[in-house]
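Participant: Have a look at this one before I ask anything.
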Amino acid sequence: NAGVTQTPKFRVLKTGQSMTLLCAQDMNHEYMYWYRQDPGMGLRLIHYSVGEGTTAKGEVPDGYNVSRLKKQNFLLGLESAAPSQTSVYFCASSYSGSGLTEAFFGQGTRLTVV
Amino acid sequence: QQPVQSPQAVILREGEDAVINCSSSKALYSVHWYRQKHGEAPVFLMILLKGGEQKGHDKISASFNEKKQQSSLYLTASQLSYSGTYFCGTVPIQGGSEKLVFGKGTKLTVNP
């Protein structure tokens, strides 16, 4: 099994450009999460989804949008990239909610906004 | 709201023990522990559920005090492979939230 796959792995954007990060999981997990990781800040939750067609805001949602049209995919969009969005982005998925099962992480996407 | 981890960093010699703490201001369903090596994705270690149980994973164990909303990760007889950044993740009970929120991490360095 591939587990959780993130596309792309690296990307450089110019300020104001838009892009979409794709997260795909093949474990039939209901719950999916997007985090950003910055030095000294840990993993901060951007948005999450508790099932197909649902999304919810995390701790740092501003500047990002998400969609979960298919159960296996969770997309993270940046409509107008800013240098402050330079970060490593991780997607994760889990089988059940309330933190009852482990979260599986993708390998991350390193995004640089210049 | 991120849980608070302490200490921020620990340096050990191989064979020494360490404790990493995690606390939340909210009542919790569960506490997760993950380890991340440089340039890699976080990897799951263990989950502790509401009920105050203690779990073990080789020489790594953890406890969860649900009255205090605190969890501790115990690393005994540390090995070089234990080096990395450890994150606790929490899921609060209130409001039916399903947020899995992580702390800022504790960087553990194990030297020969």
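The values are calculated or read from the model by the stated rules, or taken from the named source; none is laboratory data. The structure displayed is predicted, hence computed values, not measured ones. Positions of Cβ are generated from backbone atoms using ideal geometry, with glycine treated the same way; all protein chains shown enter the neighbour counts.
Participant: Across segment B:13-40, which residue is farthest from the other protein chains (Cβ to nearest Cβ) among those that are surrounded by fewer than 14 Cβ atoms within 10 Å (Cβ to Cβ) and under 23 Å from A:SER98 (Cα atoms)?
Facilitator: B:SER25
Participant: Would you pick out the residues in segment B:66-112 that are touching a helix residue (DSSP H, G or I) at 6+ places or on another chain (Cβ under 9 Å) and hydrophobic (A, V, I, L, M, F, W, C)?
Facilitator: Across segment B:66-112, the qualifying residues are B:LEU75, B:LEU108, B:VAL110.
Participant: Hey, any hits in segment A:4-22 for a residue that's more than 15 Å from A:THR109 (Cα to Cα), within 14 Å of another protein chain (Cβ to nearest Cβ) and in contact (Cβ under 8 Å) with a residue 24 or more places away in the chain?
Facilitator: No, every residue in segment A:4-22 fails to be more than 15 Å from A:THR109 (Cα to Cα), within 14 Å of another protein chain (Cβ to nearest Cβ) and in contact (Cβ under 8 Å) with a residue 24 or more places away in the chain.
Participant: Hey, another quick one. Condition (residue is more than 14 Å from chain B (Cβ to nearest Cβ), touching a residue at least 40 places away in the same chain (Cβ under 8 Å) and farther than 24 Å from B:TRP33 by Cβ) applied to segment A:62-71: is it met by at least one residue?
Facilitator: Yes, there is a match, as at least one residue in segment A:62-71 is more than 14 Å from chain B (Cβ to nearest Cβ), touching a residue at least 40 places away in the same chain (Cβ under 8 Å) and farther than 24 Å from B:TRP33 by Cβ.
One line per residue, one yes/no per condition, for (1) at pLDDT below 90; (2) of a type in the set (A, V, I, L, M, F, W, C):
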| site | (1), (2) |
| --- | --- |
| B:GLY15 | no, no |
| B:VAL19 | no, yes |
| B:SER25 | no, no |
| B:HIS38 | no, no |
| B:ALA41 | no, yes |
| B:GLY51 | yes, no |
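Participant: Then there's this: Give all pairs with beta carbons closer than 6 Å in which a residue from segment B:101-112 that is closer than 20 Å to B:GLN79 by Cβ and within 14 Å of chain A (Cβ to nearest Cβ) meets a residue that is of a type in the set (A, V, I, L, M, F, W, C) and assigned to a strand (DSSP E or B); count only pairs at least 6 apart in sequence or on separate chains.
Facilitator: These pairs meet every condition: B:GLY105/B:PHE87; B:THR106/B:ILE20; B:LYS107/B:ALA9.
Participant: Report whether or not A:GLY40 is part of a loop (DSSP other than H, G, I, E, B), of a type outside the set (Phe, Trp, Tyr), loosely packed, with under 14 Cβ neighbours inside 10 Å and at the interface with chain B (Cβ under 10 Å from one of its Cβ atoms).
Facilitator: Details: part of a loop (DSSP other than H, G, I, E, B): yes; of a type outside the set (Phe, Trp, Tyr): yes; loosely packed, with under 14 Cβ neighbours inside 10 Å: yes; at the interface with chain B (Cβ under 10 Å from one of its Cβ atoms): yes.
Answer is yes for this residue.
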